[in-house]
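**Student:** Have a look at this one before I ask anything.
The values are calculated or read from the model by the stated rules, or taken from the named source; none is laboratory data. All figures in this text were calculated on a predicted structure; none of them were measured in a lab. Every residue, glycine among them, receives a Cβ derived from its backbone with ideal geometry; neighbour counts consider all protein chains shown. Each accessible area value is taken on the protein alone, full model and side chains, heavy atoms only, with ligands, DNA and RNA left out. Shrake-Rupley method; radii C 1.70, N 1.55, O 1.52, S 1.80 Å.
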Amino acid sequence: VTVADSQRELGRKDDALATYAQITREFPATPQAREAGYARLVMLYDAGDASLVNEVNAFLTANPTAPQVDRVSLMKAEALFKAGDFEHAAPIYQIVTGKAKALPENFRGEAVFKLGWCWVQLGHQDKAVETFSVFLHDFPGHAKTSAALAQRGSAQMQLRQYSAAQKDFASLVSGHPKAKEREFALENLALIHGQLGDQTRMAETFGTLLKEFPETAAKAKAHYWIGKTNFEKKDYRAAATHLDEARKLDRAQFFERSSLALMLCFYNIEDVDAAEREIEFYKKNGGKAATPSDVIRWL
């Protein structure tokens, strides 16, 4: 074992792996064999070796100690997670994280977070909410707190738990101003405000999103809903600016809705020329709906 450890320290990885394998082969069922087998698995894990999962399975049949079982099980879960095999990674994470003091706190926190991520990827949103709640309660200062809030909020949205999701995204926005998930949180917080009927806060939040992330992928969506909110408030000039921008940015999603609302904007501010231009533009660009009858009669 000392020879193998020395080879590993000197960077002679192939020699170390071979020596560890020799120990487990020639001295099976000894404490030294278990120690060598565990050290070999750590090296395979660090190297991202594709054989790790099979090697772990073999090691677990060699009567390892309880702490070794927990550690190598976690390695197996990590390898499956990295390979995108969330279905098989999740139950291993669940077993290891469910044991009292099975892992050091930093390892356990990461494992609980990844278990939650597995549930999200597998579509088990209720389990994701439960797991991320455990993570946020047990590891409040963890580096992935903002990511956990984002993921729990997203899962709650899919479960139509809008008030709970609103709290998570609001907490992320107010408590983690530098988090990379802030853009995602602002977009979804705005949508939740709208879902809960608070159009003013929705428009304000989308405004903050555009200010802080001017190239956000949700730019068209933000402009449309800000325009729609201004329209409902009868601020038709402001509405027209945002609605026009929305259809420029995303014709497929917003051309029809924005164009029809724009006709009504110009009708309400009694801009005849703009209304006529808008009708002509709509028809030339394949508009499918009839021009609003109130606008036709007025013209």
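**Student:** Show me the helices (runs of 4 or more DSSP H) entirely contained within the range 93-168 in which 1 or more residues are farther than 22 Å from residue 74 by Cα.
**Tutor:** Here the list reads 125-138, 145-158.
**Student:** Still on this model: Out of the range 248-267, which residues are under 23 Å from residue 222 (Cα atoms) and either open to solvent by 40 Å² or more (accessible area, probe 1.4 Å) or in contact (Cβ under 8 Å) with a residue 60 or more places away in the chain (or both)? Full working, then the answer.
**Tutor:** Going residue by residue through the range 248-267, those that are under 23 Å from residue 222 (Cα atoms) are 248-266.
Within the range 248-267, 248, 249, 250, 251, 252, 253, 256, 257, 260, 264 qualify.
**Student:** Give all pairs with beta carbons closer than 8 Å in which a residue from the range 186-197 that is over 15 Å from residue 155 (Cβ atoms) meets a residue that is not in a helix (DSSP H, G or I); count only pairs at least 6 apart in sequence or on separate chains.
**Tutor:** Partner pairs satisfying both residue conditions: 186/213; 187/216; 187/218.
**Student:** To continue, here is another question. Restricting to the range 98-124, count the residues that are modelled with pLDDT of 90 or more and either crowded, with 18+ Cβ neighbours inside 10 Å or touching a helix residue (DSSP H, G or I) at 6+ places or on another chain (Cβ under 8 Å) (or both). Spell out the reasoning first.
**Tutor:** Here is the first cut: in the range 98-124, the ones modelled with pLDDT of 90 or more are 108-124.
Still in the list and also either crowded, with 18+ Cβ neighbours inside 10 Å or touching a helix residue (DSSP H, G or I) at 6+ places or on another chain (Cβ under 8 Å) (or both): 108-122.
Matching residues across the range 98-124 total 15.
**Student:** Give the residue, chosen from 275, 239, that is buried (at least 20 other Cβ atoms within 10 Å of the Cβ), closer than 23 Å to residue 201 by Cα, at pLDDT 95 or above and not charged (D, E, K, R).
**Tutor:** Of 275, 239, the one residue that is buried (at least 20 other Cβ atoms within 10 Å of the Cβ), closer than 23 Å to residue 201 by Cα, at pLDDT 95 or above and not charged (D, E, K, R) is 239.
**Student:** Moving on to the next point. Go through the residues of the range 65-86 one by one and say whether even a single one is part of a helix (DSSP H, G or I), modelled with pLDDT of 95 or more and touching a Gly at 6+ places or on another chain (Cβ under 7 Å).
**Tutor:** no
**Student:** Counting just the residues of the range 279-294 that are assigned to a helix (DSSP H, G or I) and within 40 Å of the chain's Cα centre (by Cα), which one comes out surrounded by the fewest Cβ atoms within 10 Å (Cβ to Cβ)?
**Tutor:** Taking the candidates together, the pick is 281.
**Student:** Please find, within the range 127-153, the residue that is modelled with the highest pLDDT out of those that are open to solvent by 30 Å² or more (accessible area, probe 1.4 Å) and either at positive phi or among the small types (Gly, Ala, Ser) (or both).
**Tutor:** Selected residue: 133.
**Student:** Take the conditions in contact (Cβ under 8 Å) with a residue 12 or more places away in the chain and open to solvent by 80 Å² or more (accessible area, probe 1.4 Å) and apply them to residue 245. Does it pass? Explain how you work it out, then say what you get.
**Tutor:** Values: in contact (Cβ under 8 Å) with a residue 12 or more places away in the chain: yes; open to solvent by 80 Å² or more (accessible area, probe 1.4 Å): no.
Answer is no for this residue.
**Student:** Shifting gears a bit: I need a count of the residues in the range 1-20 that are surrounded by 15 or more Cβ atoms within 10 Å (Cβ to Cβ) and either more than 39 Å from the chain's Cα centre (by Cα) or within 8 Å of residue 36 (Cβ to Cβ) (or both).
**Tutor:** 8
**Student:** Could you tell me which numbered condition residue 58 fails, if it satisfies all but one of (1) in a helix (DSSP H, G or I); (2) farther than 25 Å from residue 82 by Cα; (3) open to solvent by 40 Å² or more (accessible area, probe 1.4 Å); (4) among the small types (Gly, Ala, Ser)?
**Tutor:** Unmet for residue 58, out of (1) in a helix (DSSP H, G or I); (2) farther than 25 Å from residue 82 by Cα; (3) open to solvent by 40 Å² or more (accessible area, probe 1.4 Å); (4) among the small types (Gly, Ala, Ser): (2).
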